[in-house]
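Notes follow the structure.
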Amino acid sequence: MLNEPTIEKLKALRLDGLLAAWAQQQKDPNVSALGFDERLGMLIDAEWIGRENKRISRSLKEAKLRITEACIEGIEYPAKRELDKAIIRQLQTCRWVEEHQSVLITGATGTGKSYIACALANQACRKGFRAIYRRAPRLFDELKLARADGTYRTVLARIARVDVLVLDDFGVAPIADQERNDLLEVLEDRYGLRSTIVTSQLPTSSWHDYLIDPTLADAICDRLVNNAHRITLKGPSRRRPEKNHQEP
């Protein structure tokens, strides 16, 4: 039995997982037959798992993903969708995050672009990376307000620091001059240093025309399209009225 001072020290050290696992060991008569090294290993494993779960929870809370239950395991592959499992398996490793590459997901409305984007961001959080989610119109509004209250550079710096930026619904509304400039600033800070996921109803071949200004369009597309993984979703809308843990 651990004495009270030892228990208090474990609490002070915030070794809550280890302490809980030790208490559980005391209730299991089979554990007493194990050697010291095995029991110590079990305690350390419990503490490590507890800390990992807390870290992942913090990362996902910070990410504010639009579809909180989205995960790699929930992605579906019906034939009409033409989604290659090999691409998802490759992205699942998060090597693309380590190598600061982008992922571009295009397709008609309701084909599950946001789900896959959130699933990839979720996987990145589970692998130890930081992510944030923004719909493109909301991001532009956020930067507009930041410019007005003098925090523009601070907001840009915060976005630049995260490992994965999910930019959802790109191209759903006409883009203004200042929004083009803001988008270039965001991408310039991230290019070659961080990863970005972009979803859009527009095919990538239409992005240049959508951005209108040829000079800015060249700069933006160069930073987005080059060195990017591309996923084009097809088939009918996958939206369902009921909520569940599978992909909508």
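The values are calculated or read from the model by the stated rules, or taken from the named source; none is laboratory data. Quick caveat, the model's predicted, so the values are computed rather than measured. No Cβ is skipped: glycine too gets one built from the backbone with ideal geometry, and neighbour counts run over all protein chains shown. Heavy atoms of the whole protein, side chains included, go into the accessibility calculation; ligands, DNA and RNA do not. Shrake-Rupley method; radii C 1.70, N 1.55, O 1.52, S 1.80 Å.
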Looks like the range 43-189, by Cα gyration tensor root eigenvalues a ≥ b ≥ c and the a/c under 1.5 rounded cutoff (else prolate when a/b is bigger than b/c, oblate otherwise), is oblate
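Report relative contact order for the chain in percent, whole number only (criteria: Cα-Cα under 8 Å, sequence separation at least 6).
Values: 344 pairs, mean separation 63.8, N = 248.
Relative contact order comes out at 26 percent.
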Rounded to the nearest 10, the angle in degrees between the Cα long axis of helix 113-126 and the longest principal axis of the Cα atoms of the chain comes to 40 degrees
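Based on the Cβ-Cβ distance of Leu34 and Ser57, what FRET efficiency does E = 1/(1 + (r/R0)^6) give at R0 = 25 Å, to the nearest 0.05?
Details: r = 30 Å, r/R0 = 1.22.
After rounding, the FRET efficiency stands at 0.25.
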With a ≥ b ≥ c from the Cα gyration tensor eigenvalues, square-rooted, and the rule rounded for a/c under 1.5, otherwise prolate when a/b > b/c and oblate otherwise, the range 169-236 is oblate
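Could you tell me what percent of the accessible area of the chain is made up of carbon and sulfur, with a 1.4 Å probe and every protein chain present? Walk me through the numbers on the way to the answer.
Details: 7340 of 13850 Å².
Roughly 53 percent of what the probe reaches on the chain is carbon or sulfur.
By its C-alpha gyration tensor, with a ≥ b ≥ c as the square roots of the eigenvalues, how is the range 108-223 shaped: rounded for a/c under 1.5, else prolate for a/b larger than b/c, else oblate? Please report the intermediate quantities before stating the final value.
Working: a/c = 1.57, a/b = 1.08, b/c = 1.46.
Oblate is the answer for the range 108-223, as a/c is 1.5 or above yet b/c matches or exceeds a/b.
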Rounded to the nearest 500, the 222 nm mean residue ellipticity computed for the chain from DSSP H runs (n ≥ 4, each -39500 (n - 2.57)) alone is -16000 deg cm²/dmol
Regression test value, accessible area per residue of the range 177-221, probe 1.4 Å, units Å², expected 46 Å²
Rounded to the nearest 10 degrees, the helix 152-161 long axis (Cα) sits at an angle to the longest Cα principal axis of the chain of 60 degrees
Unit-weight point scatterers at every alpha-carbon of the range 1-72, Debye formula, q = 0.13, 0.17, 0.23 1/Å: log10 I(q)/I(0) is -0.52, -0.73, -1.02
Rounded to the nearest 10, the angle in degrees between the Cα long axis of helix 214-225 and the longest principal axis of the Cα atoms of the chain comes to 30 degrees
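Using packing as a proxy for protection, rank 148-161, 96-109 so that the peptide with the highest average count of other Cβ atoms within 10 Å comes first.
For the peptides 148-161, 96-109, the packing ranking is 96-109, 148-161.
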The answer for the range 99-167, accessible area per residue at 1.4 Å probe in Å², is 38 Å²
Residue-normalised value, i.e. accessible area per residue, for the range 1-65 at 1.4 Å probe, in Å², stands at 75 Å²
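Just to be sure I understand: if I project the alpha-carbon convex hull of the chain onto a plane and average over all orientations, what area do I get in nm²? Display every interim value, and only then the final one.
Numbers: hull surface 73.8 nm².
Projected area, direction-averaged: 18.5 nm².
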